[in-house]
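For reference, the structure discussed in these notes is given below.
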Amino acid sequence: MKQRLLLITALAIASIATGACNNTESNMNAGANANANANANANTGTVQASPTATPTPKYTEEQAREEREKAKANKETIGQSLEDAWIHTKLVAKLIGDTKTPERNINVDVVDGAVTLRGTVDTAEAKAEAEHLAKETDGVKKVTNQLKVVPAKTTNTNANSNTSGIKNKGKTPQ
């Protein structure tokens, strides 16, 4: 179980790191050139379109296949698109990283960009947080929250509370 969590976390970090390395937006010269062009165009009255989105890190078919296998082992469903597998990877990583959500009690199904959250959580806050994380994940079109709130059972911390059946065996109480 811990190995799966570590593997998913490592995959998510590696994917994010790869995307950061390939991000041309961070190139100082690229920004300077864009600003220079914008200033030049402002003087001539020409409006130039800016890039619409940053590039998505490369997520391979092999990574998607591995993610589908892990999901299947956890009784989760991932659609056949690369995007569905990528959404699943990102969302599971978010749930692992969020202290308010018990990721291992939450099953994440992703089909055609639609996410379904199933399982149990301890509080309504955890249920809402899981839904919020899913909705803010890039590529998610719809979220169905089927999580059930089942409060954690309280444990009895008083070790001496059930001693009525214990015999004293000749020792005097202190």
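The values are calculated or read from the model by the stated rules, or taken from the named source; none is laboratory data. Predicted, not measured: the structure shown is a model, and the values here were computed from it. Counting neighbours? That spans all protein chains shown, and the Cβs are built from the backbone with ideal geometry, glycine included.
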### Matching residues, the range 91-106, being buried (at least 19 other Cβ atoms within 10 Å of the Cβ), assigned to a helix (DSSP H, G or I) and without any contact (Cβ under 8 Å) to a residue 40 or more places away in the chain
95
### Message
Here is a check on your reading of the model: is residue 173 surrounded by fewer than 16 Cβ atoms within 10 Å (Cβ to Cβ) and modelled with pLDDT under 95?
### Response
yes
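Would you be able to say whether some residue in the range 113-131 is in a strand (DSSP E or B) and under 11 Å from the mean Cα position of the chain (by Cα)?
Residues of the range 113-131 in a strand (DSSP E or B): 114-121.
Subset that is under 11 Å from the mean Cα position of the chain (by Cα): none.
No, the range 113-131 contains no residue that is in a strand (DSSP E or B) and under 11 Å from the mean Cα position of the chain (by Cα).
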### Query
Would the range 82-90 turn up any residue that is in contact (Cβ under 8 Å) with a residue 12 or more places away in the chain, out of contact with any Cys (no Cβ under 9 Å at 6 or more places or on another chain), surrounded by fewer than 17 Cβ atoms within 10 Å (Cβ to Cβ) and not acidic (Asp, Glu)?
yes
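Condition check: modelled with pLDDT of 90 or more and outside any loop (DSSP other than H, G, I, E, B). Does residue 109 satisfy that?
Details: modelled with pLDDT of 90 or more: yes; outside any loop (DSSP other than H, G, I, E, B): yes.
So residue 109 fits the description; yes.
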